[in-house]
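Worksheet: the structure to be examined is printed underneath.
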Amino acid sequence: MTMQERDHQACTRDSHTMVGVLGGMGPDATVTFMQRVIDATPAEDDIDHVHLLVDNNPKVPSRIKAIIDGDGENPGPVIAEMARRLERAGAAFLVMPCNTAHYYWQYAQDAVDIPVWHIVERTLDTVARSHPGARVGMLCSPALRKIGLYEGFVEERGLSLVYPGDEAAVLEVIRAVKRGQGCHPDTLAAFARAADGLKARGADVLVLACTELSVIDRALDGSLPVVDSVQVLAEQVVAVAEGVKPLPS
């Protein structure tokens, strides 16, 4: 069964679609995703909103320690067990609002018989439609470049990538958000500098490819278009769960 067929099966299973969320990576990012789903939903009352079943599990082993530091526990088995719990609870499909955690996406998909959406594919499909041939400025954890998570999907979409010159500074911004210091002026200024640096390096569009950075997207000045992976995921969840339009392949 193809991904498109499995997604179609999931969204047509019944008129009440429950969406499972592999969350807690990190907690603020998960809450931001949930708020984006609420904001994107055309609703007049509670009953009109999307049914989200969220495992907001901050005890998932650190992706940064596992990938960057190289001495952390493998998060894959924990993510797989979360996926199984959500499937057993009745989720029609699963989403994971954490880009770096998609290095372990296969663990989740192999654990269940329902679709687990891939945030990278959906984000880059959106970029390719709105900015064909773009040089994509990646606002992300250095772990993403290290594992080449986006590289495997850009060529077939006619895109190219550029990363920040000071990746350590971006990582510190991400860690500040995880510490609850995302609103600190120094954090916001460092994030804005990273975006300016990508523009100077020839980026045509910015991609927020770390969900912690979606929490502080207001720091960006709008001089380049921005595609936010959390927003893409939220809008597509609403479109499918509400039956507004067919799911993109």
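If we only count helices (runs of 4 or more DSSP H) wholly inside segment 21-125, which ones have 2 or more residues that are at pLDDT below 95?
27-40
Identify all residues within segment 38-67 that are in contact with a helix residue (DSSP H, G or I) (Cβ under 7 Å, 6 or more places away or on another chain) and closer than 20 Å to residue 89 by Cα; write none if there are none.
Within segment 38-67, 49, 50, 52, 53, 54, 55, 56, 57, 58, 60 meet the criteria.
Can you name the residue in segment 84-111 that is farther than 30 Å from residue 142 by Cα and of a type in the set (A, V, I, L, M, F, W, C) and, of all such residues, is surrounded by the most Cβ atoms within 10 Å (Cβ to Cβ)?
91
Mind listing just one residue for me: the one in segment 176-202 that is basic (Lys, Arg) and touching a residue at least 12 places away in the same chain (Cβ under 8 Å) and, of those, surrounded by the fewest Cβ atoms within 10 Å (Cβ to Cβ)?
The first filter runs over segment 176-202 and keeps only residues basic (Lys, Arg), leaving 178-179, 193, 199, 201.
Next, only the ones that are touching a residue at least 12 places away in the same chain (Cβ under 8 Å) stay: 178, 193, 199, 201.
Details: 178: 19, 193: 16, 199: 15, 201: 13.
This residue is 201.
Which pairs turn up if I take residues in segment 143-166 that are on the phi < 0 side of the Ramachandran plot and look for partners that are among the polar types (S, T, N, Q) and assigned to a loop (DSSP other than H, G, I, E, B) with beta carbon separation below 8 Å, at least 6 apart in sequence or on another chain?
Here the result reads 144/99; 149/99, each pair linking segment 143-166 to a residue that is among the polar types (S, T, N, Q) and assigned to a loop (DSSP other than H, G, I, E, B).
What number of residues in segment 135-146 are at pLDDT below 95 and over 16 Å from the mean Cα position of the chain (by Cα)?
Here the count works out to 1.
The values are calculated or read from the model by the stated rules, or taken from the named source; none is laboratory data. These numbers come from a predicted model, not from an experiment. No Cβ is skipped: glycine too gets one built from the backbone with ideal geometry, and neighbour counts run over all protein chains shown.
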